[in-house]
Amino acid sequence: MEPTWDLIIIGGGPSGINCAIEAGRAGLSALILEKGVAVNSLFHFPVNMTFFSTSRFLEIGGIPFISHSDKPTRQEALEYYRRLIQHFNLTYHPYEEVLSMEHLAVSGHFQITSSRSNYRCRKVVIATGFYDRPVLLHVQGEHLPKVKHYYDDPHRYVRQKVVIVGAANSACDAALEIWQKGGEVTMVIRGGEISPRVKYWIRPNIENRIREGSIVALFHSEVAEIREGSVLVRSGEREIQELVNDWVLALTGYQPDFAFLRKLGVDFEDGLGCRPAFDEKTLETHLPGVYIAGVICGGAETSRLFIENTRDHALRIVTHILAEN
């Protein structure tokens, strides 16, 4: 018989790891189920990415995060969170996707069915984040191999014609890196300027490159169709123009897996289904014993919550669990 866990955590990113650490400190048994690699969300960040936050604000569990510079790299973050898993000896199952959750009326416990096994637990935390579900363009040709929703490394695009869709931090970062490596970059931007959320140290660089023509920016524009060797772009009321093209980076943002939350029975605040319904103080959903943690609490507002301003979620959840016992 499988043991009954005090807590099963769905999602093994920083928030999930933090919840397991706090549970362990409180004497609660915790199991993390992660559908991808360890710290899957950060693993999908660009290879050479540097965080916007300093390492101090990414620390969890009271363990210092030491990086070579003020703002750590993706690789340093992956190593830091991996070491936390090891240091606290967390029960962490990567490559194990949760398929369903059932409330057992007789015992009041939950049964979690994964791609590998069945588990029973007293409480559940959903900390699935959002980074592995890109916002799609929904245009013809988006399935082509030349289209990517994740920016990986600029070397792939040396001497290539690259269309970047979007104007937020990721899009501006990618445009600058690819241009610096010798790629020919055209940005397709729905609005009339780059996003106001672009970091202050990135904005002058990207605006200057656009102003001097090193990077072409098509404002008030959108992709109409993607073809094998070109992209059709509609700009305002003008006729569609065809751009000869090798790659498309659709860096239009990411969203939580709303369908998965509904499948588990989580309610939403409005009919649009854009934000899970939960208690702001305890983070418990309308399902007693089921909590959400981390950036998923922001729903579709993915720019509102980050690692640094959700680090208290774990303690709030564990404190509420202990108060109920």
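The values are calculated or read from the model by the stated rules, or taken from the named source; none is laboratory data. These numbers were taken from a predicted model, which means no experiment stands behind them. Cβ sites come from the backbone with ideal geometry, for glycine too, and all protein chains shown count toward neighbours.
So which of F278, F268 ends up being outside the structural domain of G166 (by TED's automatic domain parsing), closer than 27 Å to H103 by Cβ, in contact with an Asp or Glu (Cβ under 8 Å, 6 or more places away or on another chain) and of a type in the set (F, W, Y)?
Within the list F278, F268, the selection yields F278.
Listed residues A300, A314; which is of a type in the set (G, A, S), on the phi < 0 side of the Ramachandran plot and not in a helix (DSSP H, G or I)?
Step by step, each of A300, A314 is checked, and only A300 is of a type in the set (G, A, S), on the phi < 0 side of the Ramachandran plot and not in a helix (DSSP H, G or I).
Among the residues of segment 83-106, what is the count of those that are farther than 27 Å from I63 by Cβ, in contact (Cβ under 8 Å) with a residue 12 or more places away in the chain and more than 24 Å from the chain's Cα centre (by Cα)?
Of the residues in that region, 2 qualify.
Working only within segment 274-291, note down all residues that are within 19 Å of the chain's Cα centre (by Cα) and under 26 Å from R197 (Cα atoms).
Of everything in segment 274-291, those that are within 19 Å of the chain's Cα centre (by Cα) and under 26 Å from R197 (Cα atoms) turn out to be C274, R275, P276.
Return the pairs, sorted by first residue and then second, in which the second residue is of a type in the set (D, E) and crowded, with 16+ Cβ neighbours inside 10 Å, the first residue lies in segment 302-323 and is without any contact (Cβ under 8 Å) to a residue 40 or more places away in the chain, the beta carbons are less than 9 Å apart, and the residues are 6+ apart or on different chains.
Final answer for the pair search is T319/E22; H320/E284.
Looking at the structure I just gave you, is T285 more than 23 Å from L42 (Cβ to Cβ) and either in contact with a helix residue (DSSP H, G or I) (Cβ under 7 Å, 6 or more places away or on another chain) or crowded, with 19+ Cβ neighbours inside 10 Å (or both)?
For T285, the condition - more than 23 Å from L42 (Cβ to Cβ) and either in contact with a helix residue (DSSP H, G or I) (Cβ under 7 Å, 6 or more places away or on another chain) or crowded, with 19+ Cβ neighbours inside 10 Å (or both) - is met.
What number of residues within segment 118-150 satisfy the criterion of being surrounded by 21 or more Cβ atoms within 10 Å (Cβ to Cβ) and on the phi > 0 side of the Ramachandran plot?
Residues in segment 118-150 being surrounded by 21 or more Cβ atoms within 10 Å (Cβ to Cβ) and on the phi > 0 side of the Ramachandran plot: 1 in total.
Mind listing just one residue for me: the one in segment 17-65 that is touching a strand residue (DSSP E or B) at 6+ places or on another chain (Cβ under 7 Å) and either surrounded by fewer than 15 Cβ atoms within 10 Å (Cβ to Cβ) or of a type in the set (S, T, N, Q) (or both) and, of those, modelled with the highest pLDDT?
Per the stated criteria, the residue is S29.
Determine whether segment 151-161 contains at least one residue that is crowded, with 18+ Cβ neighbours inside 10 Å, out of contact with any helix residue (DSSP H, G or I) (no Cβ under 8 Å at 6 or more places or on another chain) and within 22 Å of T73 (Cβ to Cβ).
No.
Considering each of G192, G182, G129 in turn, give the residue that is assigned by TED's automatic domain parsing to the domain that holds G294 and either touching a residue at least 12 places away in the same chain (Cβ under 8 Å) or in a strand (DSSP E or B) (or both).
Sole residue among the options that is assigned by TED's automatic domain parsing to the domain that holds G294 and either touching a residue at least 12 places away in the same chain (Cβ under 8 Å) or in a strand (DSSP E or B) (or both): G129.
Just to confirm my filter: which strands (runs of 3 or more DSSP E) fall fully inside segment 198-264 and include at least 2 residues that are within 29 Å of F51 (Cβ to Cβ)?
Result: 216-218, 247-250.
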